[in-house]
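Novice: Starting off with a structure, shown below.
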There are 4 protein chains.
Amino acid sequence: MPDSDIPTVLKPFPIVVRIPVQWSEMDAYGHVNNTVLFRYFESARITYLERCGFLESYDTNRIGAILHSTECRFRQPLHHPDEVLVGARATSVNDDRFTHSYTVFSQESAQVAAVGSAIVVSFDYEKRATTPIPVSVRDGIARLERAAEGSAIDAR
Amino acid sequence: MPDSDIPTVLKPFPIVVRIPVQWSEMDAYGHVNNTVLFRYFESARITYLERCGFLESYDTNRIGAILHSTECRFRQPLHHPDEVLVGARATSVNDDRFTHSYTVFSQESAQVAAVGSAIVVSFDYEKRATTPIPVSVRDGIARLERAAEGSAIDAR
Amino acid sequence: MPDSDIPTVLKPFPIVVRIPVQWSEMDAYGHVNNTVLFRYFESARITYLERCGFLESYDTNRIGAILHSTECRFRQPLHHPDEVLVGARATSVNDDRFTHSYTVFSQESAQVAAVGSAIVVSFDYEKRATTPIPVSVRDGIARLERAAEGSAIDAR
Amino acid sequence: MPDSDIPTVLKPFPIVVRIPVQWSEMDAYGHVNNTVLFRYFESARITYLERCGFLESYDTNRIGAILHSTECRFRQPLHHPDEVLVGARATSVNDDRFTHSYTVFSQESAQVAAVGSAIVVSFDYEKRATTPIPVSVRDGIARLERAAEGSAIDAR
């Protein structure tokens, strides 16, 4: 996807993933069920965690990310067929956690369908306790956020 | 389920639904995926909307509930096999919306696995606009909340 | 659940699990989506694999079950609210695989909603190859099937 | 997607949809859960039903498609990240039903991950009974199958 095709609202997001809306994601009200939006968030979050080195950190020294909390504000119902673009970016980074901001953009309506956020905590899976974000991950986040502007857009 | 079996933390909730954890609800980390908690919330919410008359209101005059936003704070990972009790109660009721509070209790660990909330808006599906909560629904909510203490517990 | 409450059609099944139908399992046609029936099968299958010792076999010597294929015949649409009883039994046991038969019974309609089957293969996860069903598992299956008549009914 | 990029195995399929594998589709075994393959089938089926006129037939005269049965043979486990191509074609068309054949192709492994089929029945939703496939739909199916060779490929 060329940069020029990224909607303006997603330009500040270093990670933008593209997800086709599946027919079975709609519920009995005929629009995409609210829980699916959290799945969209998760897909963008996982790609972000891959790119900033947090998945690798878990594999090498068992310090990984854990989800503390998440929330979503629904703006427009989504329907099949459609394709959404889901942006993820870090809006604040603290010692042992950071906040993710998400935006779901409907290509069909050319509007924002939902916005949300999550608090992601750095967790030592050996010691079963929160722990400072590893330096390599902190650098990865900084690198991603500097690049921003959807430059890491990804179809997965 | 006799009242005496309801955990103390769920006593203030007029609606408590029982849901067995399904094996396939666990993700690659081996615990129940975060999006499933929102499905648990929804199951309690739908039962609440049935009992307070909001589903009937939609059927008779197209004034129904619409989800404005929702959030979840994860406290303890859930695993199969387990059975959760999910409580829903209204914590504030305004002119055209009310706030729901949810608690997910794990029978296996005898602990709270997650807490959350949602803002539910009264919506006129004909006029496509928010509208005051119908009087009958407002009464239904008041009746449920007075009863409280898990008295409307339901296995579905 | 007392034996007397088990519907006749499920009496030949050694494993019967009880699952409440969740509202969000319904799709845009207003009935439970076809993929959910396979989740119901899986829940009964996993309980069966636990009881016959196949999950333990995987944990102790990495010989576990793998799903070769599965199929479902839909008989009656399901809706929320309802609670289904899902039976699983082995209908044939060969050297390195067995066939499972499933029946999903709707408590609301007191009718069979779907029937299906699966071929489950014994797999050596170290050698990445099929392998004979371990003797302990073979005995576990025989024990379960002898007992049958829903005697191992389980609410999860 | 240019025709030249369609894998040979999918060339006989008039409908090929592209679906990115979502991280949360993996279960506790670390690969895509079996029920998700049926969702992939459904996404291809719905696109097929749109293109052959069966969705429109339901909207105009309440004669629509209903799923009789479906089955899947799993060949290779799928993982995130990956993108699958899912083909659907009609392999036999009878008076009141047709058989769909599906193939799920992993772009990551360049191999077939699963094959399956479904029997789709023509149903009069007013009379609650099976009914001959409408002529317009029968023509739509014939048109699609003549074109074949992935010419109707679709990213949704």
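Novice: Taking chain D as a Gaussian network, where each spring joins two C-alpha atoms under 10 Å apart, which residue of D:VAL115, D:VAL135, D:VAL16 fluctuates the most?
Specialist: Evaluated over chain D, the most mobile residue of the options is D:VAL135.
Novice: When a/c reaches 1.5 or more, the comparison of a/b and b/c decides; with that in mind, is the protein assembly as shown rounded, prolate or oblate per its Cα gyration tensor?
Specialist: Judged from the Cα gyration tensor, the protein assembly as shown comes out rounded (a/c under 1.5).
Novice: Excluding residues fewer than 8 places away in the same chain, name every one of the aspartates and glutamates whose C-alpha is closer than 17 Å to that of A:LYS127.
Specialist: Partners found: A:ASP59, A:ASP96.
Novice: So for B:ILE15, B:ILE63, fewest C-beta neighbours within 10 Å to most, what's the order?
Specialist: Placing the least packed residue first, the sequence is B:ILE63, B:ILE15.
Novice: Moving on. Using only Cα atoms, locate the centre of the stretch A:75-92 and the centre of the stretch B:43-80, then give the distance between them in Å, rounded to an integer.
Specialist: What the calculation gives is 22 Å, centre to centre.
Novice: Where does helix A:135-147 land angle-wise versus the long Cα axis of chain A, in degrees 0 to 90, nearest 10?
Specialist: 40 degrees
Novice: Given H placed 1.01 Å from N in the peptide plane, which residues other than close sequence neighbours of D:THR131 have an amide H under 5 Å from its amide H?
Specialist: Placed amide hydrogens put D:SER122, D:PHE123, D:ASP124 under 5 Å from D:THR131.
Novice: Let me ask you something else. Within 10 Å of each candidate Cβ there may be at most 16 other Cβ atoms; applying that plus a DSSP loop requirement, which trypsin sites (Lys or Arg not before Pro) in the stretch C:92-143 survive?
Specialist: Counting only loop positions with at most 16 other Cβ atoms within 10 Å, the trypsin sites (Lys or Arg not before Pro) in the stretch C:92-143 are C:LYS127, C:ARG128.
Novice: Okay, moving on. For the stretch C:107-122, list residues with backbone N below 15 Å from a point placed 7 Å from the Cα of C:GLN76 toward its Cβ?
Specialist: Of the residues in the stretch C:107-122, C:107-115 have backbone N under 15 Å from the label point off C:GLN76.
Novice: Ordered by residue, what ³J(HN,Hα) values in Hz, to whole numbers, does the stretch B:99-107 give under the Karplus form 6.51 cos²θ - 1.76 cosθ + 1.60, where θ = phi - 60° and Gly and Pro are x?
Specialist: For the stretch B:99-107, the Karplus-derived couplings read 9, 9, 10, 10, 9, 10, 10, 8, 6 Hz, x marking Gly and Pro.
Novice: Oh, and also: Using the number of other C-beta atoms within 10 angstrom as an exposure proxy, rank D:ARG89, A:ARG75, A:ARG146 with the fewest first.
Specialist: By the 10 Å Cβ count, ascending: A:ARG146, A:ARG75, D:ARG89.
Novice: A further question follows. Using Cα springs under 10 Å in a Gaussian network model of chain A, which residue among A:ALA142, A:ALA118, A:ALA88 shows the largest mean-square fluctuation?
Specialist: Looking only at A:ALA142, A:ALA118, A:ALA88, the largest GNM fluctuation is found for A:ALA142.
Novice: Taking neighbour counts of Cβ atoms within 10 Å as a proxy for exposure, in what order, fewest first, do D:THR47, A:THR99 appear?
Specialist: Arranged by neighbour count, lowest to highest, D:THR47, A:THR99 become A:THR99, D:THR47.
Novice: Still on this model: Explain nothing, just compute: Karplus ³J(HN,Hα) = 6.51 cos²θ - 1.76 cosθ + 1.60, θ = phi - 60°, for every residue of the stretch A:119-130 in order, whole Hz, x for Gly and Pro.
Specialist: Coupling constants for the stretch A:119-130: 9, 10, 10, 7, 10, 8, 6, 6, 7, 6, 8, 5 Hz.
Novice: Starting from the Cα gyration tensor of the stretch B:1-85, take the square roots of the eigenvalues, sort them a ≥ b ≥ c, and report rounded, prolate or oblate (rounded when a/c is under 1.5, otherwise prolate if a/b is larger than b/c, else oblate).
Specialist: Here the stretch B:1-85 falls in the oblate category.
Novice: List every residue whose amide H lies under 5 Å from the amide H of C:ASP82, counting only residues 5 or more places away in sequence or on a different chain, with H placed 1.01 Å from N in the peptide plane.
Specialist: Under 5 Å from the amide H of C:ASP82: C:VAL21.
Novice: Just the projected area, averaged over all directions, of the convex hull on the alpha carbon atoms of the stretch B:8-147: how many nm²?
Specialist: For the stretch B:8-147, averaging the hull's shadow over all directions gives 8.5 nm².
Novice: Tabulate in residue order the Karplus-calculated ³J(HN,Hα) for the stretch C:21-30, using 6.51 cos²θ - 1.76 cosθ + 1.60 with θ = phi - 60°, rounded to whole Hz; enter x for Gly and Pro.
Specialist: Taking θ as phi minus 60°, the curve returns 6, 8, 3, 6, 7, 7, 9, 5, 7, x Hz for the stretch C:21-30.
Novice: Work through the residues other than C:ASP95 whose Cβ is under 14 Å from its Cβ and net out their charges, Lys, Arg +1 and Asp, Glu -1.
Specialist: 0
None of the figures in this text is laboratory data; all of them are computed from the coordinates on show. Only a predicted model underlies this, so the values are computations on that prediction, with no experimental measurement involved. Note that each Cβ is placed from the backbone with ideal geometry, even for glycine, and that neighbours are counted across all protein chains shown.
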